[in-house]
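What follows is one structure encoded as structure tokens, with my remarks underneath.
The values are calculated or read from the model by the stated rules, or taken from the named source; none is laboratory data. Nothing here was measured: the structure is a model prediction, and the numbers come from that model. Neighbour counts are summed over all protein chains in view; Cβ atoms, including those assigned to glycine, are modelled from backbone coordinates with ideal geometry.
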Amino acid sequence: MSHPGLSLSTERAGALHHAFERVLGAWNEFDHAREHETEISPQLHKLLESPLPDTGMDVTGVIDQAADILDASLAQSRPRYFAFIGSSGLEVGALADLLAATYDTNLAVDARAATALEWQAVTWLASFLGFPAQTGNFTSGGTLSNITALASARERALPGSRSTGLAGARPTLYCSREAHYSITRAAEVLGIGSNFVRAIEIDGERRMRADRTREALARDLAEGYSPVAIIATAGTTLTGAIDPLDELARVAREFNVWLHVDGAYGLPAAAVDARRALFTGLEEADSVTVDCHKWMFVPKACSAVLVKDLGSLARTFSHDEAYMPHEGEHYNAVDITLEYSRPLRALKLWMAFAVHGASAVREAVGINCDQAQMLYDWARVRPHFETLTNRPQLSIVPFRVVPTGCPDPDAHTSELCARLQFDGRVYVSPATIDGEIWLRPCFTNFRTTASDVQALLDVADELGRECSTLHG
């Protein structure tokens, strides 16, 4: 018999109704910016320092506690959260998470309709991006997606290495010097080693140089190294630069090397007509990564790795476990992914497309790009505001406020960023670019409006003037 102490039984309807009231309140609040972030109250401090309870309490009270804790946390769903690159908590995605957690389907093996849904979500995503994927799956984030793709690249470059190890093969990876740190982490996890990640010089538009990539490959081959993959970035974390995919594809073909596109942040812009030309050559890649929990707006965690060669993931990950069936027309997910116990992450993307349609997602991405251009143009004409020389390619716009005669712009910008975060009306993060400190807002929120862009500039201007008394 079931354990009655672990069932809500008669409290189910009330608990669900109360939870939805709190969720609805949060959704309504997210539609508008709040003037100040909520601080952790003494009551919450006391709650968060309490010992393990031996007996439980009323579920509605615990729901309130949890909601209060989350409300006192930094929420990327808010329209003036411009820091890092995160989700904006699409409402239908939250509903999908509730459904997925309720049914708790395990996507390691064939889960019947849920497995079919995951594959449909893979094909929908590939169609949205314009990438000819033959296989793929959903992971917890861009790091795991990149590791998945590069594990397949390693197995193709060094057949059997998944079993025999690298054994003096001296494998190498090639990426922009502004590639995401997950590439270094992948090299470490896969046994390639971070010392063998070739950080390639960038051009004036901060894109990975194809000519320098070709030179590095030729040099390494002559010295007995084993090139595994070229990693192009479609939207760098610092500035949103898109590496020249078509040029790097030609280099990859010339040297018969796997081309992986890390589009964790920027790849959804490939679906926008006004940005598609920036992604010319995407179809030539062997694999791509895209974080749907970034610029496709669904809640974390929902990343995807898409691969062109149908059998490459299976050659990398499949095993013959005695307790899992391995026959049938399709691979079990456990045969094409690093994970075993896997939640139905695909449901939130599937529901987002089903409810809103691809056109609405595409339009929201385009609006974010327009907001970045707006910020860039407005900042360029404001006194004491500085931007990078290049217009934003996507939705990241580094800028800073430097008063005339400021002796230490970096110290001033660091102080301004700290004040902006403490003030709470807008939230941005800093970035170090070419040794200089900049504010680095990123627009990846479907709730953000032109008035929010204006507020970012106004508050930065206001607090920048206050900082000038210290660093001016």
Checklist outcome for this item: Condition set surrounded by 23 or more Cβ atoms within 10 Å (Cβ to Cβ) and among the small types (Gly, Ala, Ser), scope region 337-363, selection farthest from Ser87 (Cα to Cα): answer is Ala346
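Every residue, every condition in (1) of a type outside the set (Lys, Arg); (2) in contact with a helix residue (DSSP H, G or I) (Cβ under 6 Å, 6 or more places away or on another chain); (3) over 24 Å from Thr135 (Cα atoms), yes or no:
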| position | (1), (2), (3) |
| --- | --- |
| Leu150 | yes, yes, no |
| Leu166 | yes, no, yes |
| Ala169 | yes, no, yes |
| Arg177 | no, no, yes |
| Thr184 | yes, yes, yes |
| Ala199 | yes, no, yes |
| Thr213 | yes, yes, yes |
Item to check | Residue list for region 152-175, filter: assigned to a helix (DSSP H, G or I), surrounded by 21 or more Cβ atoms within 10 Å (Cβ to Cβ) and aliphatic (A, V, I, L, M) | outcome: Ala153
Next on the checklist: Can you confirm whether Val228 is crowded, with 21+ Cβ neighbours inside 10 Å, in contact with an Asp or Glu (Cβ under 9 Å, 6 or more places away or on another chain) and in the same structural domain as Ser312 (by TED's automatic domain parsing)?
Outcome noted: no
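Table: residues versus (1) of a type in the set (Lys, Arg); (2) in contact (Cβ under 8 Å) with a residue 40 or more places away in the chain.
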{"residue": "Arg362", "(1), (2)": "yes, yes"}
{"residue": "Gln373", "(1), (2)": "no, no"}
{"residue": "Phe385", "(1), (2)": "no, yes"}
{"residue": "Pro403", "(1), (2)": "no, yes"}
{"residue": "Ala411", "(1), (2)": "no, yes"}
{"residue": "Pro441", "(1), (2)": "no, yes"}
{"residue": "Thr448", "(1), (2)": "no, yes"}
{"residue": "Val453", "(1), (2)": "no, yes"}
{"residue": "Ala460", "(1), (2)": "no, yes"}
Next on the checklist: If Asp410 satisfies all but one of (1) touching a Gly at 6+ places or on another chain (Cβ under 9 Å); (2) not in a helix (DSSP H, G or I), what's the number of the condition it fails?
Outcome noted: (2)
Checklist entry - Which one of these does Ser50 not meet: (1) under 26 Å from the mean Cα position of the chain (by Cα); (2) among the small types (Gly, Ala, Ser); (3) at pLDDT 95 or above; (4) assigned to a loop (DSSP other than H, G, I, E, B)? => result (1)
Checklist outcome for this item: Among residues of region 75-94 being touching a helix residue (DSSP H, G or I) at 6+ places or on another chain (Cβ under 7 Å) and not small (Gly, Ala, Ser), the residue farthest from Tyr427 (Cα to Cα) is Val92
Checklist entry - Are any residues in region 414-430 outside any loop (DSSP other than H, G, I, E, B), within 24 Å of the chain's Cα centre (by Cα) and either buried (at least 20 other Cβ atoms within 10 Å of the Cβ) or at positive phi (or both), and if so, which ones? => result Cys417, Leu420, Tyr427, Pro430
Item to check | Matching entry among Lys348, Lys308, Lys294, Lys300 (being more than 19 Å from Leu190 (Cβ to Cβ) and over 19 Å from the mean Cα position of the chain (by Cα)) | outcome: Lys308
Item to check | Residues located in region 291-321, provided they are among the charged types (D, E, K, R) and surrounded by fewer than 24 Cβ atoms within 10 Å (Cβ to Cβ) | outcome: Lys300, Lys308, Asp309, Arg315, Asp320, Glu321
Item to check | Residue match in region 433-443 (condition: under 24 Å from the mean Cα position of the chain (by Cα), β-branched (Val, Ile, Thr), surrounded by fewer than 23 Cβ atoms within 10 Å (Cβ to Cβ) and farther than 20 Å from Leu90 by Cβ) | outcome: yes
Checklist outcome for this item: The condition of being at pLDDT below 95 and buried (at least 16 other Cβ atoms within 10 Å of the Cβ) holds, among Thr38, Thr105, only for Thr105
Next on the checklist: Residue under question is Asp370, and the condition is that it be over 23 Å from the mean Cα position of the chain (by Cα) and not hydroxyl-bearing (Ser, Thr, Tyr); does it hold?
Outcome noted: no
Checklist entry - Exactly one of (1) touching an Asp or Glu at 6+ places or on another chain (Cβ under 8 Å); (2) assigned to a helix (DSSP H, G or I); (3) at pLDDT 95 or above is unmet by Thr289. Its number? => result (2)
Item to check | Only listed residue being at pLDDT below 90 and at positive phi, chosen from Gly405, Gly357 | outcome: Gly405
Item to check | Where Gln373 falls short, out of the listed (1) crowded, with 19+ Cβ neighbours inside 10 Å; (2) under 30 Å from Ala274 (Cα atoms); (3) not basic (Lys, Arg) | outcome: (1)
